[in-house]
Structure formats: C-alpha cells, structure tokens
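Single-structure report; data block below.
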Amino acid sequence: MASQAHLHDLPQIDLEAIRVYCKALFGYLDGYVPVRFIGEKGTTNASASQKFYTPGEVAEKIWRVAPQAAARHEAIYVVPCTVANGSMLPERSKDDDDFQRTAGRVAEGLQAA
C-alpha cells in the first residue's frame with residue numbers, strides 16, 4: 001500500500017464530476033456496470049481485474065478506489081454500458097461473447113457521435 005505522503009501527491013478526485021458522469025451514462029439503467037482496473041504499461045503492475053457495481057453505487061465506488069488505483073499505477077476504465085443482472089459475474093463467464101458484441105456496439109455508437 002502507498003505511504004500517506006505518496007497519497008497526498010495524487011490528484012484530487014472530484015466526486016461530483018464522477019456522479020454527474022455516471023448518472024448521465026447509467027442513471028436510468030438496470031444491471032451492473034463493469035469497471036476495469038488495468039495495470040499501466042511499463043510499471044511493475046501488469047495485472048488487470050474487473051468489478052461490477054450497480055448504477056446507484058458506481059460513482060462512490062470509483063471515487064473510493066481511485067486514489068489506491070493511482071498509487072498502484074492502475075487505470076480505471078468504466079465500460080460505457082451495463083450488463084444484465086448476473087450475466088457477466090465471474091461465475092457466468094459463458095456470456096462473454098454477448099458482452100463483447102454489446103460493448104462493441106456501444107463503442108461504435110460513441111465513435112460515430
């Protein structure tokens with residue numbers, strides 16, 4: 001874990017900006033929001049992980065973990081979609097293909113906009 005002095009060197013995380021973003025993206029949706037933690041290239045942390053949060057809790061969860069992720073040299077990527085209740089939880093990985101198709105369509109739509 002990062003030292004307290006190191007955490008003070010990190011940028012301030014704007015909870016209100018994260019709330020506005022998450023509400024605009026997920027405010028009227030059901031399901032789970034995939035949030036990926038990706039180790040930055042060129043650092044000793046090359047791991048990746050993924051967590052799932054409800055639309056109502058995702059902003060606060062991101063805000064709470066952002067300083068620790070930054071200290072571990074991890075990027076946080078909020079996938080701009082939701083997945084059906086339980087369909088992408090780790091024990092149900094057989095739905096990965098459906099998720100990839102949905103995420104691809106969302107990304108294509110964002111690029112076209």
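The HN-Hα couplings worked out from phi for segment 38-43 by the Karplus form 6.51 cos²θ - 1.76 cosθ + 1.60 (θ = phi - 60°) are 10, x, 6, 4, x, 10 Hz, whole numbers, x standing for Gly and Pro.
Which net charge results when you count Lys and Arg as +1 and Asp and Glu as -1 among the other residues whose beta-carbon is under 13 Å from that of Ala69? Residues close to Ala69 contribute a combined charge of +3.
The numbers here are math on the coordinates, done by the rules we state, and not lab data. If you're wondering where the values come from, they're calculated on a predicted model, not measured in any experiment. Neighbour counts run over all protein chains shown; Cβ positions are idealised from the backbone, glycine included.
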